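The values are calculated or read from the model by the stated rules, or taken from the named source; none is laboratory data. Bear in mind that the values here come from a model prediction, so they are computed numbers and not experimental data. Cβ placement follows ideal geometry from the backbone for every residue including glycine, while neighbour counts extend to all protein chains displayed. All accessible areas refer to the heavy atoms of the entire protein, side chains included, with ligands and DNA or RNA removed. Shrake-Rupley method; radii C 1.70, N 1.55, O 1.52, S 1.80 Å.
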Protein chains: 2
Amino acid sequence: MTESLAKVNRRWQILSMSRTRTKTPKSETTRQAILAAAQRQFYENGYDGASVRRIARAVPIDPAMIMRYFGSKEGLFSAAVVIDLKLPDPGAIPRDRAGTALVAHFLNLWEGERSAIGLPILLRSAVSNQDASDKIRAVFEKQVAPTVAGLTGADDADTRAALIVSQLFGLALCRYVLKLPPVAEMTQDEIIARIGPVVQGHLWRD
Amino acid sequence: MTESLAKVNRRWQILSMSRTRTKTPKSETTRQAILAAAQRQFYENGYDGASVRRIARAVPIDPAMIMRYFGSKEGLFSAAVVIDLKLPDPGAIPRDRAGTALVAHFLNLWEGERSAIGLPILLRSAVSNQDASDKIRAVFEKQVAPTVAGLTGADDADTRAALIVSQLFGLALCRYVLKLPPVAEMTQDEIIARIGPVVQGHLWRD
DNA sequence: CGAAAAAGTCAACATGCGTTGACATCCTGA
DNA sequence: TCAGGATGTCAACGCATGTTGACTTTTTCG
């Protein structure tokens, strides 16, 4: 009985933690520290390569705390990786240079300050973790596809969105994960100039 | 002394195995069985996800045999994953449809019978295994880059090759690893029609 | 202050991993 | 036939993993 109540209480505590508070009890501090360390580890090593124990050692904190705060490694991953592509309103994008605008947007997103919590984590993790694959699919359906549909009036907008995504993921894969020399060394402007027309073509060719 | 000799002998045996023989002693049979099982496991789970023990169980054979035949898990991986893109001679490719020809070639390669020993294995493994990343770079430098250079006379052929690779890897990633619905469900012809012009553009635009 | 709750520590569990060396069996060739 | 090498089995090693429950310390608040 008491055990059951304690577990319920603990679970409530975990849930309530997900909202930020004004007075931020001590726990919120370590919670954020855990998330930051987890993001870094997941980014560098993927889901399988990152271990709860090493994340805990980096905080530093006892591994048991991670289980208390996030329930499981999967829970930690879900909490650490939240993707918001911040795609602009399709209406605000000039039609004639939408391709370059999109490529520039993603490069900023991937190489900005908070890049570690972005799609590259998912790329590294998706090969071995079903959750990561699912998240990628969700991002595609809820963020990329609608934006592309808003840009092209075409009825095969989903296919066009998928082709754009395949080019952008290929870019991210070669540049951040494989670090294939020519791709990794190009400047942002070079990439925009080369890939932009491709995206533009996927949007409006045919 | 005797130990040392035995080890040398064993190493010689391992090396000599890498050549195929006409009389194929019993060992060659199991060696091939191990390789086949390893290719399947590496393909489905990547380098880290595949375990020596599970590969052995699939043969079936004792895990110790794998160590005897290939020395280590890394050795098994190197032996199991040999990439030959079988790229045609650049001179034999019609200039005006080189893009579609290349895309069709890769689709055949990836979706043919022996697809499991191909690049998708490396994609799944490269996120966690340095050897896999190195192999991808080697394939790029020795097979893709020269072919592209032979097609375009351009002096930035390396960059063009890298852009083509980023598009093709993105395609493979979305279709075989992430199984992103629109990409995974397109027919080969649709993909050729859509991606072919992109590759063509990377070859000759500007 | 002092009790209750929250935060954090510690040791242990079961499991799977790559790898090793000693041992048993099979097959070949002199 | 039978010795010796090739082939295969077995048990164990040291290690790292995710997770758990009992425990101690710190913080909060009536």
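Would you work out the charge dipole size for the range A:162-206 about its Cα centre, treating the Cβ of every Lys and Arg as +1 and the Cβ of every Asp and Glu as -1, and quote it to the nearest 20 debye?
120 debye
With a Förster radius of 35 Å, plug the Cβ-Cβ distance of B:Thr29 and B:Gln130 into 1/(1 + (r/R0)^6) and report the FRET value to the nearest 0.05.
Efficiency for this residue pair is about 0.65.
Pull out a ≥ b ≥ c, the square roots of the eigenvalues of the alpha-carbon gyration tensor of chain A, then state rounded if a/c is under 1.5, prolate if not and a/b is larger than b/c, and oblate in the remaining case.
Prolate is the answer for chain A, as a/c is 1.5 or above and a/b outweighs b/c.
Quick one: Karplus J couplings for the range A:37-54, per residue in order, coefficients 6.51, -1.76, 1.60, θ = phi - 60°, nearest Hz, x for Gly and Pro?
5, 5, 4, 4, 5, 4, 5, 7, 10, x, 5, 5, x, 7, 10, 4, 5, 6
Round to a whole number: what % of the accessible area of the protein assembly as shown belongs to carbon and sulfur, probe 1.4 Å?
So the carbon and sulfur contribution to the accessible surface is 53 percent.
How high is the relative contact order of the range A:92-206, in percent, counting Cα pairs under 8 Å that sit 6 or more residues apart?
Averaging sequence separation for qualifying contacts and normalising by length gives 40 percent for the range A:92-206.
What is the gain in length, in nm to one decimal, between A:Ala138 and A:Arg57 on full extension, counting 0.36 nm per residue of separation less the C-alpha to C-alpha distance?
This chain segment gains 26.0 nm when fully extended.
Suppose we consider the axis relating copy A to copy B; can you name the residue of A with the nearest Cβ and state that distance in angstrom as an integer?
Nearest to the symmetry axis by Cβ: A:Gly170, 1.
Roughly how large is the A-B contact in terms of buried accessible area, totalled over both chains, probe 1.4 Å, nearest 100 Å²?
The summed interface area works out to 3300 Å².
Output the relative contact order of chain B, whole-number percent, from Cα pairs under 8 angstrom with separation of 6+ residues.
22 percent
With an 8 Å cut-off on Cα pairs and a minimum separation of 6 or more residues, tell me the relative contact order of the range B:29-92 in percent.
33 percent
Can you tell me how the range B:143-206 classifies by the Cα gyration tensor, rounded, prolate or oblate, using a/c under 1.5 as the rounded cut?
Prolate, since a/c reaches 1.5 and a/b exceeds b/c.
Of A:Lys135/B:Lys179; A:Lys135/B:Lys135; A:Lys179/B:Lys135; B:Lys86/B:Lys135, which sit over 18 Å apart, Cα to Cα?
In this structure, A:Lys135/B:Lys135 lie more than 18 Å apart at Cα.
So if R0 is 22 Å, what FRET efficiency would B:Arg205 and A:Arg205 give, r being the distance between their Cβ atoms, rounded to the nearest 0.05?
My answer for the efficiency is 0.95.
Which residue, B:Ala38, B:Ala145, B:Ala193, has the most motion in a Gaussian network model of chain B that connects Cα atoms within less than 10 Å?
Looking only at B:Ala38, B:Ala145, B:Ala193, the largest GNM fluctuation is found for B:Ala193.
How would the protein assembly as shown be classified by its alpha-carbon gyration tensor: rounded, prolate or oblate, with rounded meaning a/c under 1.5 and the a/b versus b/c comparison settling the rest?
oblate
Considering only protein heavy atoms, what per residue accessible area in square angstrom results for the range A:90-204 with a 1.4 angstrom probe?
On a per-residue basis, the range A:90-204 sits at 37 Å².
Between copies, how far does the label point of B:Ala36 sit from its twins, in nm, shortest first, when each point is 7 Å from Cα along Cα→Cβ?
Here the equivalent label points are 5.4 nm apart from this one.
Step through the residues of the range A:193-206 one at a time and calculate ³J(HN,Hα) from phi using the Karplus curve (6.51 cos²θ - 1.76 cosθ + 1.60, θ = phi - 60°), rounding each to whole Hz and writing x for Gly and Pro.
5, 8, 8, x, x, 5, 4, 4, x, 4, 5, 10, 5, 6
With springs only between Cα atoms under 10 Å, which of A:Pro60, A:Pro120, A:Pro181 fluctuates most in a Gaussian network model of chain A?
Result for chain A, Cα springs under 10 Å: A:Pro181 fluctuates most.
For the range A:90-204, what Kirkwood radius comes out of the mean inverse Cα-Cα distance, in Å?
Its Kirkwood hydrodynamic radius stands at 14.6 Å.
Which aspartates and glutamates have a Cα lying under 15 Å from the Cα of B:Lys142, excluding residues fewer than 8 positions away in the same chain?
Here the aspartates and glutamates satisfying the reach criterion relative to B:Lys142 are B:Asp84, B:Asp89, B:Asp134, B:Asp158.
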